[in-house]
Amino acid sequence: MKSILLLENETPPAAADSLRRCCKSLRRAAGESEARAAVGAVDAVVLHVPAAALAGWQSAVAGMRRLPTLWLCPDGDVPPDADWGCELDGILFASMGSRETKIALQWSVRAFRQRRRWAEEREQLLQRIEERKWIDQAKAVLCEIKGITEAEAYDFLRKQAMNERKRIGDISASIVKVYQLIHG
């Protein structure tokens, strides 16, 4: 890992040395304005904040830039509830050595990439579901107006999309919206 941003609102943690050995550059920030200035040049963020402030800081960092985010938890300060109210990619403890910290950082980058990939896949699936809804509505409209079967309506949509060099979902949405405008 090249560069880490350590967000802290307390005295510098003892684990800062382990973090410094795991990266080429360790940047520190005590507040949101300092974090905003540094977040563009780092590869990961480590939050050294109390458990109660964790969700707020994670949300603030995610609003600045999507990065692997870890929590440097004071030993023994882990909340008893498994749902901490935020998305973390890893957790570090002050008692961890450099080797353990490096492994945890590598694991968190892997977890972050996987979470980002899942979010992208989820978004694509939601788009496909939405497109499918438009296609089904457009087929129903075409069946009603043209008196054709669903298969013929789908073929019509597909050919129209190819002729106009557009996606079938866009053609379908246009047909449904025009129909709703005229008959609504």
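The values are calculated or read from the model by the stated rules, or taken from the named source; none is laboratory data. Every value quoted in this text rests on a predicted model; they were computed, and no experiment measured them. All Cβ positions, glycine included, derive from the backbone under ideal geometry; neighbour counts span all protein chains shown.
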So which of Ala16, Ala35, Ala29, Ala44 ends up being surrounded by 16 or more Cβ atoms within 10 Å (Cβ to Cβ), modelled with pLDDT of 90 or more and more than 21 Å from the chain's Cα centre (by Cα)?
-> Ala29
Counting just the residues of region 172-184 that are among the small types (Gly, Ala, Ser) and touching a residue at least 12 places away in the same chain (Cβ under 8 Å), which one comes out farthest from Asp136 (Cα to Cα)?
-> Ala173
Do any residues in region 154-171 that are in contact (Cβ under 8 Å) with a residue 40 or more places away in the chain and not assigned by TED's automatic domain parsing to the domain that holds Ala140 have Cβ atoms under 8 Å from those of residues that are surrounded by fewer than 12 Cβ atoms within 10 Å (Cβ to Cβ) and in a loop (DSSP other than H, G, I, E, B), where the two are at least six apart or on different chains, and which pairs are they?
-> none
Taking region 31-51 as the region of interest, how many residues are closer than 18 Å to Ala94 by Cα and not β-branched (Val, Ile, Thr)?
-> 5
Tell me which residues, restricted to region 156-169, are assigned to a helix (DSSP H, G or I) and loosely packed, with under 14 Cβ neighbours inside 10 Å.
-> Arg158, Lys159, Met162, Asn163, Glu164
Selection within region 98-146 - farther than 22 Å from Pro68 by Cβ and either in contact with a strand residue (DSSP E or B) (Cβ under 8 Å, 6 or more places away or on another chain) or acidic (Asp, Glu) (or both) = Glu130, Glu131, Asp136, Glu144
Number of positions in region 93-134 that are under 20 Å from Lys24 (Cα atoms) and in contact with a Ser or Thr (Cβ under 7 Å, 6 or more places away or on another chain) | 4
Is there any pair with a first residue in region 47-67 that is among the small types (Gly, Ala, Ser) and a second that is in a helix (DSSP H, G or I) whose Cβ atoms are under 6 Å apart and which are 6 or more apart or on different chains, and what are they?
-> Ala60/Glu32
